[in-house]
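Q: Take this structure, written in structure tokens, and hold onto it; I'll ask about it next.
The values are calculated or read from the model by the stated rules, or taken from the named source; none is laboratory data. Quantities reported herein were computed from a predicted structural model and do not represent experimental measurements. All Cβ positions, glycine included, derive from the backbone under ideal geometry; neighbour counts span all protein chains shown. The area values use the complete protein model at the heavy-atom level, side chains included, leaving out ligands, DNA and RNA. Shrake-Rupley method; radii C 1.70, N 1.55, O 1.52, S 1.80 Å.
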Amino acid sequence: MIFILDNNFILDLISRRALNYGVQLNLTYLLLSKGYAAISSSQLHNLRYVVKKSYPQYENEYLEIEARLKIIKTPSYVDLNHKLANLDIEDYLIELSAKIVNAKIITSDKQFLKNSEFAITPIDTFLYLFKEEKKVEFLPLKKINDKHVVDIEQAIDRVLTSGWYLLGNEVKNFEAHLADYVGVKHAIGVANGLDALRLILKAYIEMGIMAEGDEVIVPANTYIASILAISDNRLTPVLVEPDINTYNLDISLIEKHITARTKAIMVVHLYGQVCWSEELEALAKKYKLKIIEDNAQAIGAVFSRQTTDNRQQNQISESATQSHALTTAIKTGALGDAAGFSFYPGKNLGALGDAGAVTTNDDALATMVRALGNYGSKQKYVNEYQGLNSRLDELQAALLDVKLRYIDADNQIILKTTTSFSLLLSVVRRL
Ligand SMILES: Cc1ncc(COP(=O)(O)O)c(C=O)c1O
């Protein structure tokens with residue numbers, strides 16, 4: 001939620017001149033503490049001017065508040081013939097800023113309240129907040145992105161003005177940051193999560209490691225993309241049933257499905273739960289199988305390899321690396337030979353459209369995936385392989401790079417919600 005504070009609200013507040021000063025004070029405190037308070041960039045010069053001129057004694061107080069406000073940009077699509085523009089151009093510019101982020105404008109100005117679809121009184125704001133906070137929306141993607149609106153806006157403007165929209169520095173930066181975050185040598189941006197998995201398998205075929213008709217073990221309980229990535233490459237998916245407690249692939253059932261044609265195991269870390277064990281690693285070693293992780297649902301999840309015993313820990317945790325002194329924490333995406341990520345908008349790290357990535361420590365595989373996703377080309381106009389057009393674009397990369405900075409904090413919020421949901425589920429199961 002974003003609330004733009006109109007000039008009269010801010011001036012009333014710092015000058016303590018309004019009758020409802022107590023309401024304004026409490027409201028400001030609430031909005032600032034929740035990170036909801038904002039102003040339009042069009043207000044800045046006027047506010048600073050009026051404060052300096054009329055309330056110099058409160059200038060520092062004003063600047064302290066200003067520093068804690070989000071600043072929402074004033075767009076360039078200004079319709080000077082708009083009714084509100086004729087009544088009060090400043091109100092109109094504030095309204096345009098509010099429109100960009102779907103914000104409310106808190107004001108006591110009667111004309112503004114009458115003519116704007118976004119304006120709201122301070123008292124009504126309390127009621128609105130109360131009602132909104134009680135609503136539990138399913139996956140409110142806009143709210144998630146609103147938290148980073150300023151950084152996102154900057155990223156969009158940077159890409160727009162760069163004039164460079166594909167295969168540029170934004171993708172390079174994001175790939176470097178993602179590889180660093182996951183703890184692997186290579187991250188390659190691709191068009192979506194399905195393509196990430198498709199390209200890994202296609203690369204193995206191109207490298208002579210797999211051939212048409214070879215088998216890939218995959219969980220029966222997964223999203224269709226895991227299976228399509230296999231069949232699309234004319235490989236055979238061999239479905240293995242899940243563990244009833246986690247809904248993830250039951251690792252103990254894998255061995256009986258291995259044949260002379262099995263070339264890989266695709267594990268899917270479903271719902272952020274890590275699907276990994278030392279038994280799985282031993283199987284892959286014994287039968288010389290590749291392990292491909294479908295990490296579409298688990299960015300930030302950690303497998304903790306115990307040094308004293310072999311217990312597995314399934315958790316999404318920023319602090320896991322530090323808190324378990326006797327364990328080595330390895331992020332999903334760095335466990336297997338290669339991993340596919342999805343940045344579909346509803347995923348924990350969601351783009352504003354389709355996007356994906358492959359991670360690996362294998363130099364040859366990384367080079368091949370990169371070439372195959374770019375029309376089979378390592379060098380411009382030299383097309384060595386029968387590739388695809390599956391590139392991450394500069395705009396999505398720039399946005400993802402912003403959101404990657406907050407992924408651990410965002411995962412913690414999700415973890416809290418799912419922990420309480422799991423608790424509830426365990427209570428219900430016992431009834
Ligand atoms: C487990 C799993 N694998 C693969 C995908 C495919 O990702 P995308 O939708 O980005 O192609 C998804 C997400 O949709 C998924 O949940």
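Q: Note the angle between two axes, namely the Cα long axis of helix 149-162 and the longest principal axis of the Cα atoms of the chain, as a number of degrees from 0 to 90, rounded to the nearest 10.
A: Value to nearest ten degrees: 70.
Q: Give me the accessible area of M1, 1.4 Å probe, in Å² rounded to the nearest 10.
A: Around 40 Å² of this residue is reachable by solvent.
Q: Can you list the residues, at least 5 places off or on another chain, whose amide H is less than 5 Å from the amide H of M266, using H built in the peptide plane?
A: I217, V218, I292
Q: Restricting to bridges with both residues inside the chain, how much of the DSSP beta-bridge set is antiparallel, in percent to the nearest 5?
A: Of those bridges, close to 45 percent are antiparallel.
Q: Could you tell me which of rounded, prolate or oblate describes segment 191-243, using a ≥ b ≥ c as the square roots of the eigenvalues of the alpha-carbon gyration tensor, with rounded for a/c under 1.5 and, failing that, prolate when a/b is larger than b/c and oblate otherwise?
A: It comes out oblate by the Cα gyration axes.
Q: Going from most exposed to least, what order do F130, F3 have by accessible area with a 1.4 Å probe?
A: Greatest to least solvent exposure: F130, F3.
Q: Further, regarding this structure: What full-extension length gain, to one decimal in nm, is calculated for E66 and D157 as 0.36 nm per residue of separation minus the Cα-Cα distance?
A: 30.4 nm
Q: Just the projected area, averaged over all directions, of the convex hull on the alpha carbon atoms of segment 3-135: how many nm²?
A: 8.0 nm²
Q: Residue separation times 0.36 nm, minus the C-alpha to C-alpha distance between K134 and Y406: what's the value?
A: Length difference between fully extended and current span is 95.4 nm.
Q: Taking only the Cα atoms of segment 147-225, how large is their convex hull per residue, in Å³?
A: In segment 147-225, the Cα convex hull volume per residue is 166 Å³.
Q: Can you figure out the FRET efficiency of Y381 with L228, using R₀ = 30 Å and their beta-carbon distance, to the nearest 0.05?
A: After rounding, the FRET efficiency stands at 0.45.
Q: Answer rounded, prolate or oblate for segment 152-430, using the Cα gyration tensor with square roots of eigenvalues a ≥ b ≥ c: rounded when a/c is under 1.5, else prolate when a/b is larger than b/c, else oblate.
A: Oblate shape, in that a/c is at least 1.5 and b/c is the bigger or equal ratio.
Q: Using a 1.4 angstrom probe on the protein heavy atoms only, could you order Y247, Y77, Y92, Y36 from most to least accessible area?
A: Y77, Y247, Y36, Y92
Q: Along segment 270-278, what does the Karplus equation 6.51 cos²θ - 1.76 cosθ + 1.60 (θ = phi - 60°) give for ³J(HN,Hα), rounded to whole Hz, x for Gly and Pro?
A: Working through the residues one at a time gives 6, 6, x, 8, 6, 10, 7, 6, 5 Hz.
Q: Tell me, what is the 1.4 Å probe accessible area of D109, in Å² to the nearest 10?
A: Approximately 40 Å² of D109 is accessible to the 1.4 Å probe.
Q: Largest first and to the nearest Å, give the Cα extent of segment 158-200 along each principal axis.
A: Result for segment 158-200: principal-axis Cα extents of 32, 22, 11 Å.
Q: Turning to a different aspect of this structure: Any idea what angle helix 394-404 forms with the longest principal axis of the chain, computed on alpha-carbon atoms, 0 to 90 degrees, nearest 10?
A: Roughly 80 degrees, rounded to the nearest 10.
Q: May I ask for the angle, rounded to the nearest 10°, between helix 89-101 and the longest principal axis of the chain, with both axes built from Cα atoms and the value confined to 0 to 90°?
A: 20 degrees
Q: So which of K131/K403; K34/K172; K143/K378; K286/K378; K53/K142; K99/K172 end up more than 30 Å apart, counting from Cα to Cα?
A: K34/K172; K143/K378; K286/K378; K53/K142; K99/K172
Q: Provide T161, T359, T246 ordered by accessible surface of protein heavy atoms (probe 1.4 Å), highest first.
A: Ranked from most to least accessible, the order is T161, T246, T359.
Q: So, one more: Using a Förster distance of 51 Å, how high is the FRET efficiency between H177 and L87, based on the Cβ-Cβ distance and rounded to 0.05?
A: For H177 and L87, the calculated efficiency is 0.60.
Q: Shifting gears a bit: Would you mind checking which residues have amide H under 5 Å from K331's amide H? H placed 1.01 Å from N; only 5 or more apart, or other chain.
A: It is F303, by chain and number.
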